[in-house]
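See structure below.
The values are calculated or read from the model by the stated rules, or taken from the named source; none is laboratory data. No experiment lies behind these values; they were computed from the predicted model shown. Don't worry about glycine lacking a Cβ; one is built from the backbone with ideal geometry, like all the others, and counts go over all protein chains shown. Side chains included, ligands, DNA and RNA excluded: accessible areas come from the protein's heavy atoms. Shrake-Rupley method; radii C 1.70, N 1.55, O 1.52, S 1.80 Å.
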Amino acid sequence: MTQHTDYFASIKPIRFEGPDTENPLAFRWYDKDRVIMGKRLEDHLRPAVCYWHSFCWNGFDVFGDGTFNRPWHSLSGQEMADAKLDAAFDFFVKLGVPYFTFHDVDVIAPATTMKEHVENLAVMADKIEAKMAQTGVKLLWGTANLFSNPRYMGGASTNPDPEAFACAAVQVRHAMDLTLRLKGQNYVFWGGREGYDTLLNTQIGRELDQLGRFLALAVDYKHKIGFKGTMLIEPKPHEPTKHQYDRDVSTVYGFLKRYGLENEVKVNVETNHATLAGHSMDHEIATAFALGIFGSVDANRGDPQNGWDTDQFWNDPLEITRTMYHILKNGGFTTGGMNFDAKVRRQSIDAEDLFHGHIGALDALARGVIAAASLIEDGRLDAFAEERYAGWKSELGRWIMNESGLDEIAERALREGVEAKPKSGRQEYLENLLSAAIR
Ligand code: XUL
Ligand code: CO
């Protein structure tokens, strides 16, 4: 295969060198073969690099033009798509991650019609498949971009016009076919325009039914083509729309229940989306496990001061450890993984900046796995919570949960003079255990 760019030529493959290394282009914690709780670090994290932030975005923002000047940004059409593919796989290999993720439009030569979109995607299918075979890099998930093209400005499946729904069907059908062909582990739906900007022009009930119909059709299609991966909805409360229907994990669960899809679809939880929704990441993860719909993670962070989706690389040890604690305690990932849906800042214009961002995030997650595993092995956090609810295993607790009526509970409480005795929640003690686990 012809090599279109050697953009990363000056950077050697990234190796683990341990916490004391002075080499900024080495891992300090991410020793992928280190076994923690019986599993290699790489298998705990199943890390993936996303195509869109690092290889498509050129650094533009609403106030200014692109700043990055990557060689493929000055190309166009198929030539651009080919050069980008070469650079992306060079990067995956040098960083040493097992997975990548992409949207259909990230990888193709830009198309103006739906027909052209399908043709351009078919051209890339062979090329991506060849790159994967040559490098051993696998696909964590595929998805369709149903939010950038102006045809979707009023929504894709929730659009007031069925023609937009039909165009979305073209993209999703072909993106699912490609994900199956590339042996993707999951297929993701992020509904960037599936919401509204004003209720003055929006019929929420109708739009939710359209969204439910679209997802049900996609699930039917998954079974028809024999795709065995997991279907995932990625919740987000707003941005770009003022209100997005899939606002958080609980809302998605209610939506799935209403349309009978709660056993078919799980969630891809993103840190920055959790915080935009007013939640902590560990809240969203714990909720997803509690509701039986945990699937995968988009690992990143926002900026606590501005409330935007800044998609920075995740590096907060406390938040990562709290999150990893829930993931490990519940058995870890199955088909999911840690997708770095994160981008370097607009002033980080060099090739090496892409490495610094990903190296830091992989190290931070590795530290989080190590810390969370030590909390689980130590057992005091878990023992405290078990003890806190121990009363529910008593005769009274079981009788309330399984047998009694409200009046019977009330009568028994009065008859037996039941009284609740407050006990300390010990939050500070538990937070100190968490801090002490991070080394
Ligand atoms: C947008 C976002 C998307 C999804 C995939 O906020 O997170 O990139 O992850 O469409
Ligand atoms: Co995301």
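Things to note:
- Stokes-Einstein diffusion for region 295-335, with the hydrodynamic radius set to the Kirkwood value over Cα pairs and evaluated at 10 °C in a medium of 1.306 mPa s, equals 137 µm²/s.
- Under 5 Å from the amide H of Arg193 lie the amide H atoms of Ala156, each residue being 5 or more positions distant or on a separate chain, with H modelled from the backbone and absent for Pro and chain starts.
- Eigen-decomposition of the gyration tensor built on the alpha-carbon atoms of region 37-104 gives equivalent ellipsoid semi-axes of 28, 14, 9 angstrom, largest listed first.
- Cα principal axis extents for region 382-437, largest first, Å: 47, 20, 14
- Antiparallel bridges, percent of DSSP beta bridges restricted to the chain (to nearest 5): 20 percent
- The chain - percent of accessible surface contributed by carbon and sulfur, probe 1.4 Å: 52 percent
- Base-10 log of normalised Debye intensity for region 1-125 (one unit scatterer per alpha-carbon) at q = 0.11 Å⁻¹: -0.50
- About its Cα centre, the dipole of the chain is roughly 720 debye, where the only charges are +1 on Lys and Arg Cβ and -1 on Asp and Glu Cβ.
- Taking a sphere under 11 Å around the Cβ of Cys56 and counting the other residues whose Cβ falls inside, with K and R at +1 and D and E at -1, yields a net charge of +2.
- Accessible area per residue for the chain, computed on protein heavy atoms with a 1.4 Å probe, is 48 Å².
- Normalised by residue count, the chain yields a Cα convex hull volume of 179 Å³ per residue.
- With at most 15 other Cβ atoms within 10 Å, longest stretch of the chain clear of loop chymotrypsin sites (Phe, Trp or Tyr not before Pro) (DSSP): 64-307
- Label sites at Asp161 and Glu377, each approximated as a point 7 angstrom past Cα along Cα to Cβ, lie 6.0 nm apart.
- Debye log10 I(q)/I(0) at q = 0.11, 0.20, 0.21 Å⁻¹ for region 291-439, Cα point scatterers: -0.64, -1.23, -1.29
- Helix-only CD estimate at 222 nm, as mean residue ellipticity for the chain, using -39500 (n - 2.57) per DSSP H run (n ≥ 4): -14500 deg cm²/dmol
- Net length gained if the chain between Arg258 and Thr198 were fully extended (0.36 nm per residue, minus Cα distance): 19.2 nm
- Full-stretch length increase - Leu406, Arg34 - with 0.36 nm per residue and alpha-carbon distance subtracted: 128.6 nm
- In order along region 274-287, the phi-based Karplus estimate (6.51 cos²θ - 1.76 cosθ + 1.60, θ = phi - 60°) of 3J(HN,Hα) comes to 4, 6, 4, 7, x, 10, 8, 5, 5, 4, 5, 5, 5, 5 Hz; Gly and Pro are listed as x.
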